[in-house]
Amino acid sequence: MFDEIKTEGNQDKKNSDQGLNQKSAPSFKAPSSSPQPEVNSGNSSSQKSKEFEVPELIKKDILKKVEDSQEKKESVSPQEEKIYVMPDKFKQNSGSGSGRKGKKGVKIFLIILFVLLIGGGAYYYFWSQQYIEPEIIAPEEEVIPEEGEGEEVLPEEEVIPEEGEGEEVLPEEELIPEEETEEEFFEETNIEIEVRDQEEMLISKFNFLLPEGSLDAGSIVEASGTWDQEEVALGDDLYTVLGAIYEIDSEADLVFLKTASLEILYNQELVEDFWEDEITLGYLKNETWTPLLSTVDSEENVVKTELDFLPANTIALIVEKDKLIPEIEKLQIAPHISSSLDDDNDGLTNIEESIFGSEPNNPDTDADEVPDGQEVLNLTDPLQSDNQLSTSGLIKVYINPTFSYSLFYPSSWLTRPIPETDNQEVLIVTNTGEFFSINVENNPEELSPTDWYLRQSPNLDSETLLEVMVHEQPAVWSADRLTIYVSRQDKIYLLSYLLGTSSEANFKTTFQMMINSFQFVTQPQGRANGTLVSYPDQPEVYLIENNKKRAFISGEIFEKLGFNWEDVIEIPLEEEYEDGQDIVGYLDGTLIKYPDQSEVYLIENNKKRVFVSGEVFEGLGFNWEDVIEIPLEEEYEDGPPIESAGGGVN
């Protein structure tokens, strides 16, 4: 049916490539009317064959398929290809009558062929994808699978469930229940300690609150408190310890995860009112006390602080030593008058330091943690710790025999009862021209000190007065704070500071000391000092002094001392007194001189003390008309001279 024409495979492949690579629009030539005896290889065959162009994608696929087929053929062996040519008898002639029909048929044929080619090409494309795609897309799809594998890990990454399973492990390990119940979890702790003295008096109370979770699990904190005077001496000279010292014991330094609270209660008896607000909490480190930020509740006697960490293990209440020094306003004495120089700022002026023997450049002469001025106010010895001022030799005790009161005054000063007042007025003479006086006034209505004072000064504003207590007796300060009025029964006792011509005060602390020591005394036998007594049918006359009876050696001495015979009272024989030193001369405070001699002496402790000059005599406030001339045979042992050296009496 078809003539078989054999050609070489390579030649046909060449012709096929040339035909497919043409880029002209598809066109068809009608077969010529003359028969073609044979088909020749070369260009002539190419021109007579039907030429067309397929879509680019299909073309590429076809080319690929052809190339692959060709490669297979070449890889095996070159073979001859068979070309079938229509026999001449089936070829139409190109006559004029049948030309139109022939052309129309050709067009229809070509259209059908074109559609078939397009359809076949499309079918071939989709059909070949299952074979071609793995070879072409494989390299790209190797990346996609990798990404796909990463995405496929997501199911594997149901590691989330695995994490969930990890969370489920927690209950298995029972970590949370263990934290809730295990002993390592730090629970709220409150450490309370009380420190008492030997008489079981409460000195201090310690309260340390550590909230829940304030320390690491397993932390152990303990504390102890001691009250020892030797312990108080620890640290530098800037602070003094009040009450007990507490030691906090822990396995490590205390750094609190939550704020801890510390409170220490103090005994009010250990605190002076004027420096109570200066108390603070402090810690001892490297032998130095350092204050912590704290607050004082003076009503509850508690000092409080909040702690985020504790710098040291030793804790106590401390007070800055400078704050212990009494201020003028706190002493309530003449605030409008300045005090003289105080070099060491211990509360004693330099002149007061000289009369008490303390060191003017050392605020704590006996190194007992109490400033010298405070010791004098406390009636304790500033030169020797644990010693009272009354036994120190630095002061004397004046006892008024008529009105039964006593008070301290410096031993180098002089007391001078005014004779004509019958001991109602007494002067205490200093060495600077300043004086102190004690007067006793009648108060028959037994008014309070304030009412009595306002009756004497009705135009005075009562708000300028300051009411206080002196040894449990009501008292009131004058407006200028130079006189204090103390009431007892039907008497008012006035203690006054007389500055004289001085423009500044030298003895404010000493005056306060005198007021602090002022008290009322009662004689055991009912006889006050200075009482003149005698026994029935006995000529001796005695003077009662310090619960002893002192005999006058003669009536002349009795009269020379200014006593009156009518003041002598007779007492029963059963009222006995211990014998004291006989009165052989003038009593203490008497001024004497010998005939034709210029020296003037002061009798003190049965000794005569000479004034070194008239200026010293007058400077101490004595009067020449009070000097008594005595006979030469009345001798007294010499005492230390009275001289003025910077205002001092030695």
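Bear in mind these aren't lab numbers, they're just calculated from the coordinates by the rules spelled out. Given the structure is predicted, the values throughout are model-derived calculations rather than measurements. Quick reminder, even Gly has a Cβ in these numbers, built from the backbone with ideal geometry, and neighbours come from all protein chains shown.
Along each of its three principal axes, how wide is the spread of alpha-carbon positions in region 503-622, in whole angstrom units, largest first?
Principal-axis extents of region 503-622 (Cα, largest first): 55, 45, 22 Å.
Please state, to two decimals, what the Cα-based radius of gyration of region 189-324 comes to when divided by 2.2 N^0.38 Å (N = residues).
Rg over 2.2 N^0.38 Å, computed on Cα atoms: 1.02.
Taking neighbour Cβ counts within 10 Å as the exposure measure, how do S404, S354 sort from fewest upward?
Lowest count first: S404, S354.
Taking the mean number of other Cβ atoms within 10 Å as a proxy for protection, how do you rank 381-392, 274-285 from highest to lowest?
Values: 381-392: 17.2, 274-285: 19.1.
The packing order, highest mean first, is 274-285, 381-392.
For region 233-389, just say rounded, prolate or oblate: build the C-alpha gyration tensor, square-root its eigenvalues into a ≥ b ≥ c, call rounded for a/c under 1.5, and beyond that prolate if a/b exceeds b/c, oblate if not. Walk me through the intermediate numbers first.
On the way: a/c = 2.62, a/b = 1.95, b/c = 1.34.
The shape class here is prolate.
Find the relative contact order for region 585-650 and round it to a whole percent, using C-alpha pairs within less than 8 Å whose residues are 6+ positions apart.
Values: 101 pairs, mean separation 22.6, N = 66.
Relative contact order here is 34 percent.
Write down the Å³ per residue value for the convex hull defined by the alpha carbon atoms of region 585-650.
Enclosed volume per residue, from the Cα hull, is 79 Å³.
Work out the FRET efficiency for N345 and D537 from their Cβ-Cβ distance, taking R0 = 45 Å, and round it to the nearest 0.05.
Values: r = 65 Å, r/R0 = 1.44.
According to the calculation, E is roughly 0.10.
State to the nearest 20 debye the size of the charge dipole of region 189-324 about its Cα centre, where the only charges are +1 on K and R beta carbons and -1 on D and E beta carbons.
380
How high is the FRET efficiency from I220 to D480, r the C-beta distance, R0 60 Å, rounded to 0.05?
0.45
Spin-label point model (7 Å from Cα, Cβ direction): what's the T402 to T314 distance in nm?
The two pseudo-label positions are separated by 5.8 nm.
Can you sort I108, I395, I515 from fewest to most other Cβ atoms within 10 Å of each residue's own Cβ?
I108, I515, I395
What distance in nm separates the two pseudo spin-label positions at N190 and T501, each 7 Å out from Cα along the beta-carbon direction?
6.9
Over all pairs of distinct alpha carbons, what does the Kirkwood formula give as the hydrodynamic radius of region 432-502, in Å?
12.6
Hey, got the dipole for region 585-650? About the Cα centre, +1 on K and R Cβ, -1 on D and E Cβ, debye to the nearest 20? Walk me through the intermediate numbers first.
Values: 4 positive and 15 negative charges, 43 e Å.
That gives region 585-650 a dipole magnitude of about 200 debye.
How much length would be gained if the chain were fully extended between T391 and E599, taking 0.36 nm per residue of separation minus their Cα-Cα distance, in nm to one decimal?
Using 0.36 nm per residue and subtracting the Cα-Cα distance, I get 71.6 nm.
Could you rank the peptides 466-475, 203-212, 369-378 by their average count of other C-beta atoms within 10 Å per residue, with the highest value first?
369-378, 203-212, 466-475
How much length is gained if the chain between E635 and I553 is pulled fully straight, taking 0.36 nm per residue apart and subtracting their Cα-Cα distance, in nm to one decimal?
Length gained between E635 and I553: 28.1 nm.
On full extension of the chain, what length is gained from I569 through K304, given 0.36 nm per residue of separation minus the C-alpha to C-alpha distance? Don't jump to the answer; show the numbers that get you there.
Numbers: separation 265, 0.36 × 265 = 95.40 nm, distance 6.49 nm.
Gain on stretching I569 to K304: 88.9 nm.
Express in % the proportion of alpha carbon pairs of region 383-448 at distances exceeding 19 Å.
Value for region 383-448 (Cα pairs over 19 Å): 45 percent.
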